Amino acid sequence: MAEAPHEIRALAEERAAARAAKDFARADALRDELAASGWVVVDGPQGWSLEPAGAPPSAGTTRVPAAEVVSVLDEPATYDVSLQWVCEGWPGDIARALMAFRAHAGGRRLQFVVADVTGAAPDTWGDDVEVVSLKEGTGWAAARNAGLRRALAPIVVALDGSIEPTGDVLTPLVAALGRPDLGLAGPFGIVTRDLREFEERVGPGACDAVEGYLMAFRRDVLVEVGGFDEKFRWYRTADIEWSFRVKDAGYLCEVVPVPVTKHEHRMWFETPPDERAKWSKRNFYRFLDRWRDRWDLVLSGEPDDHPRLEGEGPPPGAS
């Protein structure tokens, strides 16, 4: 590929400086100036690169293995909250959420990170979004972890594209996570009495797991507990498993009501029923293999009688 001229690289460096200073209007203007000069700037997890306009998208987009995404978790926080998505399709859902979070940001410095496995153009969601471009075939948990390693805020919110804020989501979550005993919070929680069937936790308060539609936690808890189990190549039950690891580390999980709309969960409804049943069962057995005897982590404690592992299926719903 042709080497970019010095003046083009200088514009790209100026744009990178504008992004770092959160002057996104200036960054957008510089991106347009580069495009008018016949160059496209491509942002990746390891920095930016330039490609001639009209080149195939993959020519300038570095799609890396998830394990190669550089962690910044040990670097000082430069944002107030890091908001994170995994894109396995339906980029418009994430764009809808981003628009709402921008509208309700208040004075907070928000970091937006999208771990993308679709090969979307890096500017799909705007210049204020860091796109972590991952190799095709990257599993859900590996993609989630790759994005989380880029978190530069003390509070991290991992989201599904189905969630749309309708008001100030962050104030109640940040306030709740100010309690050192609370490790994980979100508006959708579930409880269980037998570790086999889970049901919605109605109202605020302690729960056995926070559902992956919206999971909020401190960055220090992420560092202590570690990321999601990357054996979960599909999303389902990965949220329950991570919730139990947070509780195993000595923290609580709680439902914290926030103003959101939950739209259709695309991955669930657009996956063929036989495939989602197979993958759900596989994931749930992986959860049981690790946690089926940990009644100390269940709010209701150990029941007098509970089913044996053989013949059990996954819990209902699309968690």
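The values are calculated or read from the model by the stated rules, or taken from the named source; none is laboratory data. All figures in this text were calculated on a predicted structure; none of them were measured in a lab. Reconstructed Cβ throughout: ideal geometry from the backbone, glycine too, with neighbour counts over all protein chains shown. Side chains are part of the model used for accessible areas, which takes the heavy atoms of the whole protein and leaves out ligands, DNA and RNA. Shrake-Rupley method; radii C 1.70, N 1.55, O 1.52, S 1.80 Å.
The largest accessible area among Ser133, Ser37 belongs to the first residue in Ser37, Ser133, and the rest follow in falling order (1.4 Å probe, all chains). Estimated at the nearest 10 Å², the accessible area of Asp32 is 90 Å² with a 1.4 Å probe.
For the stretch 172-319, calculate the relative contact order in percent as a whole number, restricting contacts to Cα pairs under 8 Å that are 6 or more residues apart. Over the stretch 172-319, the number comes to 33 percent.
Could you tell me which of Ala97, Thr78, Val64 has its Cα farthest along the dipole of the stretch 59-109 towards the positive end, charges placed at Cβ (Lys, Arg +1; Asp, Glu -1), taken about the Cα centre? Going by the charge dipole, the pick is Ala97. Translational diffusion of the stretch 129-212 was estimated from the Stokes-Einstein equation, with Rh taken as the Kirkwood radius over Cα pairs; at 4 °C and 1.567 mPa s the coefficient is 85 µm²/s. Note on Lys278: lysines with a C-alpha under 26 Å away, same-chain residues under 8 apart excluded, are Lys135, Lys231, Lys262. Before anything else, pin down the relative contact order of the chain: Cα pairs under 8 Å, at least 6 apart, normalised by residue count, whole percent. It rounds to 16 percent for the chain.
Output the antiparallel fraction of DSSP beta bridges having both residues in the chain, as a percent to the nearest 5. Intermediate values should be presented prior to the final figure.
On the way: 22 of 44 bridges.
So the antiparallel bridges amount to about 50 percent of the total.
Helices in the chain, meaning DSSP H runs of at least 4 residues, each add -39500 (n - 2.57). Divided by all residues, the mean residue ellipticity at 222 nm is -9500 deg cm²/dmol.
Value of Rg to Rh for the chain, rounded to two decimals, is 1.00; Kirkwood radius and Rg both from alpha-carbon coordinates. Under Stokes-Einstein, with the Kirkwood radius over Cα pairs as Rh, the value for the stretch 200-271 at 37 °C and 0.692 mPa s is 243 µm²/s. Put Trp90, Trp242 in order of accessible area, highest first, and with a 1.4 Å probe you get Trp90, Trp242. Apply the a/c threshold of 1.5 to the C-alpha gyration tensor of the stretch 173-319 and tell me whether it is rounded, prolate or oblate. Oblate, because a/c is 1.5 or more while a/b does not exceed b/c.
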